[in-house]
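First the structure, in the form of structure tokens, and then the observations on it.
The values are calculated or read from the model by the stated rules, or taken from the named source; none is laboratory data. No experiment lies behind these values; they were computed from the predicted model shown. For neighbour counting, all protein chains shown are included, and Cβ atoms are generated from backbone atoms with ideal geometry for every residue, glycine included. Accessible surface is based on the protein model in full, side chains and every heavy atom, while ligands, DNA and RNA are left aside. Shrake-Rupley method; radii C 1.70, N 1.55, O 1.52, S 1.80 Å.
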Number of protein chains: 2
Amino acid sequence: MTRERILLAGLALVDEAGLDAVSMRKLARRLGVDPMSLYNHVDGKDALLDGIAEILLAAIPTPPPEADLRGTMSSLAHGFRAAMLDHPRAAPLVLTRRLASMTALAPVEAVLGPLLAAGFPPERAVHGLRAVLAFLTGTLMREVEAAPTFGGSARRLADLSASGLPAVAAAAPYLAVCDHEAEFEFGLRIMLDALGEP
Amino acid sequence: MTRERILLAGLALVDEAGLDAVSMRKLARRLGVDPMSLYNHVDGKDALLDGIAEILLAAIPTPPPEADLRGTMSSLAHGFRAAMLDHPRAAPLVLTRRLASMTALAPVEAVLGPLLAAGFPPERAVHGLRAVLAFLTGTLMREVEAAPTFGGSARRLADLSASGLPAVAAAAPYLAVCDHEAEFEFGLRIMLDALGEP
DNA sequence: ACCTGAACACCGTTCAAGT
DNA sequence: ACCTGAACACCGTTCAAGT
């Protein structure tokens, strides 16, 4: 019984059964242990979920140091996306909770470092980081089925056409499908373009 | 006992006690009724939460018809934000669930209508809608304390300076505070600029 | 048609007892 | 130091019974 083993079993449980299905009791059952034993290594359910979120965050690779600024930013964004898509059912833990630990600060350092090194004033660097992060959070939440598509892939083409709303009906074929990858690249380009030069 | 009365009481409960505190039993207690009575008007807890989300969505005002395209888009975005900030603790219900009802489609119509009228091809209109929506979702989640700030307002300036991460420490004064309104306007301008002309 | 309450199968967590 | 299990105060929802 170690914290590590508990967190990994927790992640596996989320992957298999979804976030709603996670309970201390079920996790203990999976580990063949009394539910209360978990509390010796993890500070309650919330801390367990934070710990699982940190596993996802820690999987973001550091970009190659020889890349230029735009390449670095883009590779961090893609690494973030890949880490979330590796565990789509756990991703909302990262996208939805405020993590307090150092692990959560590492990606910030990875973004801010190159921006400052390139000559961005700290205030603008933080501003840019926040705008990009808002977009990433939003698209990934949608991609991972945790955010509204507002008439997105879940809905039937026929329903949209028959909605009685003229613009919705006219755009129905495009509302009914969503190429997440294309949406991601499209939005990321906008954000990185907007970042500009120092 | 009507569905309407139940949903409004549910929203009031969320406003006062937060999402985690909502339970069918507590809501029934607040209404002076047996928990099971609620099931005669609402299809279970999930439907209750969907219904509350729809109350927020319905509060977005229709933009004045004489506005130009950019004005219309901007006013819808601001209306969306205002509706969420009116009920910050309930906002994650809108930002985080996929609503299936017609109410959820009305805002889509409100955005798509002007875009198509201005001559945008449907595919590009949907593309633009999705990018803007991703950004809105992300910023509002953060604003409403449901999304990561990654070293944002929750964290102490001193912690950031002492983190041992050089870029984080250098930008600490800006990471420690977040002007949500300014971030919102900054990002919205980027997205609306990127939308371009038909 | 609507309300009721007992019952079922769950929760997270505290606490006292064990090794 | 770690594990255990009984206990407490909750959940959402089913179902049979009432009016």
#### Entry: For the range A:3-42, the Rg and Dmax computed from alpha carbons only, in angstrom
9.2, 25
### Query
With contacts defined as alpha carbon pairs under 8 Å and 6 or more residues apart, what's the relative contact order of the range A:56-195 in percent?
23
### Task
Give the distance, in whole Å, between the Cα centre of the range A:79-133 and the Cα centre of the range B:161-180.
13
### Query
Which residue is it, in chain B, that holds its beta carbon closest to the axis of the B-onto-A rotation, and how many whole angstrom away?
B:G138, 2
### Probe 1.4 Å, all protein chains present, accessible-area order of A:T96, B:T72, largest first
A:T96, B:T72
### Task
Add +1 for every Lys or Arg and -1 for every Asp or Glu among the other residues with Cβ under 13 Å from the Cβ of A:P114, and state the total.
-2
### For q = 0.07, 0.13 Å⁻¹, Debye-computed log10 I/I(0) when each Cα of the protein assembly as shown counts as one equal scatterer
-0.34, -1.18
## Note on the structure
Charge tally for neighbours of B:I60 with beta carbon under 13 Å away, counting Lys, Arg as +1 and Asp, Glu as -1, is -2
#### Entry: Computed [θ] at 222 nm, helices only, for chain B once each DSSP H run of length n ≥ 4 contributes -39500 (n - 2.57)
-19500 deg cm²/dmol
### Task
Whole number in Å², please: accessible area per residue of the range A:56-195, 1.4 Å probe, ligands, DNA and RNA not counted.
39
### Task
Place +1 on the Cβ of every Lys and Arg and -1 on the Cβ of every Asp and Glu in the range A:56-195, take the dipole about the Cα centre, and give the residue among A:L136, A:I190, A:G71 whose Cα lies farthest towards its positive end.
A:L136
### Query
In the range A:56-195, carbon and sulfur make up what percent of the accessible area (probe 1.4 Å)?
59
### Task
Given the options B:E145, B:E181, B:E66, state which has the largest fluctuation in a GNM of chain B using a 10 Å cut-off (strictly under) for Cα springs.
B:E66
### Query
Roughly how many Å² of A:R30 are accessible to a 1.4 Å probe, to the nearest 10?
100
### Query
When the solvent-accessible surface of protein heavy atoms is calculated with a 1.4 angstrom probe, in what order do B:S75, A:S161, B:S163 fall, highest first?
A:S161, B:S75, B:S163
### Query
So, counting K/R as plus one and D/E as minus one, what does the shell of residues with Cβ under 10 Å around B:P35 add up to?
+2
### Summary
Measure of exposure for A:T2: accessible area at 1.4 Å probe, Å² rounded to 10, is 70
#### Entry: Estimated inter-spin distance, A:S161 and A:L192, nm [label 7 Å along Cα→Cβ]
3.8
### Query
Which one of A:V22, A:L11, A:N40 has its Cα pushed farthest toward the positive end of the charge dipole of the range A:3-42, where Lys and Arg give +1 and Asp and Glu give -1 at the Cβ?
A:N40
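What value in Å³ per residue do you get for the convex hull of the alpha-carbon atoms in the range B:109-198?
109
Where the only charges are on Cβ atoms (+1 Lys, Arg; -1 Asp, Glu), what is the dipole of the protein assembly as shown about its Cα centre, to the nearest 20 debye?
Charge dipole, the protein assembly as shown, about its Cα centre: 1100 debye, nearest 20.
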## Note on the structure
Placing one equal point scatterer on each C-alpha of chain A and summing with Debye, one gets log10 I(q)/I(0) at q = 0.16 Å⁻¹ equal to -1.04
### Task
Arrange the residues B:E4, B:E183 by how much accessible surface each exposes, largest first, with a 1.4 angstrom probe.
B:E4, B:E183
### Query
Any idea of the total accessible area buried by the A-B contact, 1.4 Å probe, rounded to 100 Å²?
5400
### Task
Enumerate the calculated ³J(HN,Hα) couplings along the range B:35-45 in order (Karplus 6.51 cos²θ - 1.76 cosθ + 1.60, θ = phi - 60°), each rounded to whole Hz, writing x wherever the residue is Gly or Pro.
x, 6, 4, 4, 5, 6, 10, 9, 8, x, 5
### Message
Tell me the accessible surface of A:R70 in square angstrom (1.4 angstrom probe, heavy atoms of protein chains only), to the nearest ten.
### Response
100
